[in-house]
Amino acid sequence: MRRAFLPMSTPLVEAYALMKQFGSIQALAGLDFRVMPGEIYGLLGPNGAGKTTTIKIIAGLLDATSGWVKVGGFDPMMHPIEVKSRIGYVAENPILYESLSAREFLEFVASIRKIEQDEANHIATQLANAFDMTQYFDSPIGALSLGMKQKVALVASLFHRPPILLLDEPLNGLDAKSSRIVKDLVSLHAQNGGAVIFSTHVMEVAEYICTRICIIHQGKMIAEGTFDELKSKAEGEHETLEEIFLSLTNERGKVVDMTGLLGEAFCRNEAG
Amino acid sequence: MKLAEAWRLSRPPYKEIVYKSLAEERGRMWWGGFGRGPCIEEAQSELRVTKKVLRIAKFDKLIVAVFNVVASVLPFTMLVTGSPLHGLPISISLSLAITFGLTTLYAIQTFSSFVGPESSTLLATLPLSKADFSLITLLSFVRSVDYLAIGAILGQVVAVAYLTVSPLAMVLMLTVSLMNVVLAVAIALWFVRIFYKNLSHGGKSGGARILRFAFILMWGALLFGVGFLFSVPWLVFPLLERMLLNPNQISSLFFYLLHPFSSGIAIATLVYPATGFSSALMASLAMVGHITLAGVAGKWVLATVKRTSQGSEIEVARKSTIDLSIKTYNPLRGYVMKDLRVSSRSPGTAFFFALPIVETIIVSLLMVNLETLGASAVLVATFMGGICTLLTPLALLNGEGRGLEYTKTLPLHATRIIASKTLITIAAYMPVPLALLSMALVKPLTSPVIIFIPYFIILAVASASVFEIKLFLGSAAKGEIAALVQDLEKLIVGVLALLIPEVAYAAMYLMSVDHILAILTMGIVTFSELAVALHLLKRG
């Protein structure tokens, strides 16, 4: 079933000259991008590149130091309710109400999002079964493993069928089956006209799932495009996204140096 | 491993315990998305928040320790002017009772994270022997109450030494103080462990709910008991003096067997042998029994800490659920349900479920000896009941904990969150007017109009709740002292919101000697307060 979110030519998420300063640290240094309906937009970068900050600004959890962002045509700071109604957000480290059970947590989310009883039941049952949550449905969230918490957060983010999914490292701690389900759900969401912003530092995941990739490094966009476009931008022959990434971020030399140093250290230890 | 080294290594796990406890309990740190000004910036930096949590933990422990020292010494100050002969057993008993309560209350807050094995996870990966591992975990546990215990023990021993100048009394006081701390820690650990065990197994059966409620009542009784003893020792002192120093009464015999009174009497008898031999012997035997009990409790604490550190203490319930249906409510009711569930499952915030009972007891105690119910009695009872309720909004806000990070991602106005907490606060206050109404059915009133006083105060309670929460959301204290002052400010504003309508009633009555005019004035004041509260809500 295809849902009409916005005209296909209107971006669902748009960011312009996005900057974020945390004290003396510049987390984002002028980021521009647009995510159209039907796109899975990958934010790719090393730890501390600014992926999570970008997603938090889009979700209205952080205010940008300068620049602006529009979600479904709304500014997240000026119209937080409109924006939060349109997004499904999964945080990098899912922070939920630890003393509630998955069932109670989903009841809370469904109530706040004003989801009809039948609809909520239907989605909860399907997703809980798909993610193998039935054994832990009535256990306190605080006692669950990281993967299980991630599943609860994922189900809660999909509950209201949002047009925009903001997924910050959503595969953290997931088993292979659940990981695959998430990837398929994300693809299905995009096919139905939704937009997904998917942050990861795992190259294979970005290569497999994203229709367009934005490589961020030290808060700046290094390159943007499809896998083939990025391949052509990178100098030399590269077969994998990892090689492209290292080439575009000029990290290849550093990796070689570091591996050499570590190798020497380990050899010395073993010899000692 | 040397003890000094184990003590040094126990610091990181201890930090983890207090961090987790505070991170879960203290909503203040996570209000960024709803608050204003610097609070937003604060919530943005995880590092800053973490540091703040640890600073607050240190400050909290220090404040409670200072409080514990004061509380341990305060009952002895009454002896400086009076006769130690009669007062010493009561001073010792009161000092032990207050420090026992304070230590237990503080430990309940801190141990909530200790019952899970996560606190020792970082140690588990290191090449440590089982014995060293257990020792480090135990010391990290001891660190949670070290200042408090040392403060209380020193305060009590020094006070007894100064008053009696008896080495034997000092040694006995040291033993009894230590026993008091061990018992307090054991009870706190037992309470928290049972509470979490209950929840980890679902906690939904009737028996589990009753058990949880019984613990909540115990918590409430402890809190109000400590508050009562600490705030009005001059009232408690003569009452206990009458009961303890009259060994012919059956109730006195009961006190001779009960900790901490047995210890108080036993130590005092050694120094001033004025009490009868049989009574002194009974108290001494009871004290020995309590010391033995503390030894057993200490051993249990050691074993429990060891089991917890090895992750074999509490297992998560795991059962296949066939029914995956969920219930949805309107957003406000959904939030109220969430608030009730979250706060009922934390030993630190569950106390307000005991408030209705505590309020009913307070109101009943204030009224029970009166032949007729006058305006002044109703005003005092209403005010006392209302004061208890004022803790509810702050407890609910703190109970949000880190979960609030998630709520910030939901399409929800802060107004709805405030409304949810205000509704719960009003519900917590409702036993007061109902108890007064019940009293009015059996006792004559000086004027029928006065029965409306507690009902008008419902509006004042609602306004007080809104004021407190608005202040909470708007505040972002830079330092710990400032945070403490701000917490007091919130409570003072709440107290004023309750007090002003009552003062208006009293003032108008004194001027006009007309209850109808007085209640109308009270009504105008409460409605005005509510209008201001609603305006603040709308503006926010």
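The values are calculated or read from the model by the stated rules, or taken from the named source; none is laboratory data. What you see is a predicted model, and the numbers here were worked out from it, not measured in a lab. Cβ coordinates were reconstructed from backbone atoms using ideal geometry, including for glycine residues, and neighbour counts include every protein chain displayed.
Working only within region B:299-334, note down all residues that are modelled with pLDDT of 85 or more, surrounded by 17 or more Cβ atoms within 10 Å (Cβ to Cβ) and either within 7 Å of another protein chain (Cβ to nearest Cβ) or not in a helix (DSSP H, G or I) (or both).
Listed by number, the residues that qualify are B:I326, B:T328, B:Y329, B:P331, B:G334.
Going by the conditions given, is A:Q150 at pLDDT below 90, within 14 Å of chain B (Cβ to nearest Cβ), touching a Pro at 6+ places or on another chain (Cβ under 8 Å) and not in a loop (DSSP other than H, G, I, E, B)?
Working: at pLDDT below 90: yes; within 14 Å of chain B (Cβ to nearest Cβ): yes; touching a Pro at 6+ places or on another chain (Cβ under 8 Å): yes; not in a loop (DSSP other than H, G, I, E, B): yes.
Yes.
Considering only residues that are within 8 Å of another protein chain (Cβ to nearest Cβ) and more than 15 Å from B:E405 (Cα to Cα), which ones fall in region A:84-96?
Those that are within 8 Å of another protein chain (Cβ to nearest Cβ) and more than 15 Å from B:E405 (Cα to Cα): A:S85, A:I87.
Answer yes or no as to whether B:L373 is touching a Pro at 6+ places or on another chain (Cβ under 8 Å) and facing chain A (nearest Cβ under 9 Å). Walk me through how you get there before you give the answer.
Numbers: touching a Pro at 6+ places or on another chain (Cβ under 8 Å): yes; facing chain A (nearest Cβ under 9 Å): no.
Here the answer is no, as B:L373 does not meet what is asked.
Which residues, taken from region A:66-83, are surrounded by 18 or more Cβ atoms within 10 Å (Cβ to Cβ) and within 14 Å of another protein chain (Cβ to nearest Cβ)? Before the answer, list the steps.
Restricting attention to region A:66-83, the residues satisfying the condition of being surrounded by 18 or more Cβ atoms within 10 Å (Cβ to Cβ) are A:69-72, A:74, A:76, A:80, A:83.
If the condition is that a residue be surrounded by 18 or more Cβ atoms within 10 Å (Cβ to Cβ) and within 14 Å of another protein chain (Cβ to nearest Cβ), then A:V71, A:G72, A:F74, A:P76, A:P80, A:V83 are the ones that fit.
Residues in region A:79-105 that are of a type in the set (V, I, T) and part of a strand (DSSP E or B): how many? Give the derivation first.
Filtering region A:79-105 down to residues of a type in the set (V, I, T) leaves A:81, A:83, A:87, A:90, A:95.
Now drop any that are not part of a strand (DSSP E or B), which leaves A:87, A:90.
The qualifying residues number 2.
If you check A:R3 against the conditions, is it modelled with pLDDT of 90 or more, in contact with a Pro (Cβ under 9 Å, 6 or more places away or on another chain), surrounded by fewer than 20 Cβ atoms within 10 Å (Cβ to Cβ) and among the basic types (K, R)?
Values: modelled with pLDDT of 90 or more: no; in contact with a Pro (Cβ under 9 Å, 6 or more places away or on another chain): yes; surrounded by fewer than 20 Cβ atoms within 10 Å (Cβ to Cβ): yes; among the basic types (K, R): yes.
No, not satisfied.
Counting only residues that are farther than 20 Å from A:H160 by Cα and either in a helix (DSSP H, G or I) or in contact with an Asp or Glu (Cβ under 6 Å, 6 or more places away or on another chain) (or both), how many does region A:49-69 have?
Step one: of region A:49-69, the residues farther than 20 Å from A:H160 by Cα are A:49-54, A:57, A:62-69.
Next, only the ones that are either in a helix (DSSP H, G or I) or in contact with an Asp or Glu (Cβ under 6 Å, 6 or more places away or on another chain) (or both) stay: A:51-54, A:57.
Qualifying residue count for the region: 5.
Determine whether region A:115-122 contains at least one residue that is surrounded by fewer than 24 Cβ atoms within 10 Å (Cβ to Cβ), at the interface with chain B (Cβ under 7 Å from one of its Cβ atoms) and polar (S, T, N, Q).
Yes; the residues of region A:115-122 include at least one that is surrounded by fewer than 24 Cβ atoms within 10 Å (Cβ to Cβ), at the interface with chain B (Cβ under 7 Å from one of its Cβ atoms) and polar (S, T, N, Q).
Report those helices (runs of 4 or more DSSP H) wholly inside region B:390-466 carrying at least 3 residues which are under 21 Å from B:I361 (Cβ atoms).
Values: elements: B:391-400, B:404-407, B:414-429, B:431-442.
Those helices (runs of 4 or more DSSP H) span B:391-400, B:414-429, B:431-442.
Given the criteria more than 24 Å from A:K84 (Cβ to Cβ) and either in contact (Cβ under 8 Å) with a residue 40 or more places away in the chain or acidic (D, E) (or both), does A:R212 qualify?
Details: more than 24 Å from A:K84 (Cβ to Cβ): yes; either in contact (Cβ under 8 Å) with a residue 40 or more places away in the chain or acidic (D, E) (or both): yes.
So A:R212 fits the description; yes.
What is the one condition in (1) part of a loop (DSSP other than H, G, I, E, B); (2) within 11 Å of chain B (Cβ to nearest Cβ); (3) within 29 Å of A:P80 (Cα to Cα); (4) at pLDDT below 85 that A:D132 does not satisfy?
A:D132 satisfies every listed condition except (3).
Please count how many residues of region A:97-114 are facing chain B (nearest Cβ under 7 Å), in contact (Cβ under 8 Å) with a residue 40 or more places away in the chain and of a type in the set (G, A, S).
Within region A:97-114, residues that are facing chain B (nearest Cβ under 7 Å), in contact (Cβ under 8 Å) with a residue 40 or more places away in the chain and of a type in the set (G, A, S) number 2.
If the requirement is being assigned to a loop (DSSP other than H, G, I, E, B), in contact (Cβ under 8 Å) with a residue 60 or more places away in the chain and within 22 Å of A:R161 (Cα to Cα), which of these qualifies: A:P37, A:P76, A:P46?
Values: A:P76 fails: in contact (Cβ under 8 Å) with a residue 60 or more places away in the chain; A:P46 fails: within 22 Å of A:R161 (Cα to Cα).
Only one candidate passes the filter, namely A:P37.
Could you look through region B:335-344, keep only residues that are crowded, with 19+ Cβ neighbours inside 10 Å and of a type in the set (A, V, I, L, M), and pick out the one that is farthest from the other protein chains (Cβ to nearest Cβ)?
Residues of region B:335-344 crowded, with 19+ Cβ neighbours inside 10 Å: B:335-336, B:338-339, B:342-344.
Add one more test, that the residue is of a type in the set (A, V, I, L, M), and what stays is B:336, B:342.
Values: B:V336: 10, B:V342: 6 Å.
Taking the candidates together, the pick is B:V336.
Every residue in region B:350-399 that is closer than 23 Å to B:M522 by Cβ, in contact with a Cys (Cβ under 9 Å, 6 or more places away or on another chain) and β-branched (V, I, T), please.
Once the filter is applied, which keeps residues that are closer than 23 Å to B:M522 by Cβ, in contact with a Cys (Cβ under 9 Å, 6 or more places away or on another chain) and β-branched (V, I, T), region B:350-399 yields only B:I362.
Which of (1) at the interface with chain B (Cβ under 8 Å from one of its Cβ atoms); (2) closer than 25 Å to A:E14 by Cβ; (3) at pLDDT 90 or above is the odd one out, the single condition A:I58 does not satisfy?
(1)
Exactly one condition in (1) at pLDDT 70 or above; (2) assigned to a helix (DSSP H, G or I); (3) exposed (fewer than 15 other Cβ atoms within 10 Å of the Cβ) is false for B:P273; which is it?
For B:P273, the exception is condition (2).
If we scan region A:228-235, do we find a residue that is touching a residue at least 40 places away in the same chain (Cβ under 8 Å) and either on the phi > 0 side of the Ramachandran plot or surrounded by 12 or more Cβ atoms within 10 Å (Cβ to Cβ) (or both)?
Taking region A:228-235 first, the residues touching a residue at least 40 places away in the same chain (Cβ under 8 Å) are none.
No - not one qualifying residue is present in region A:228-235.
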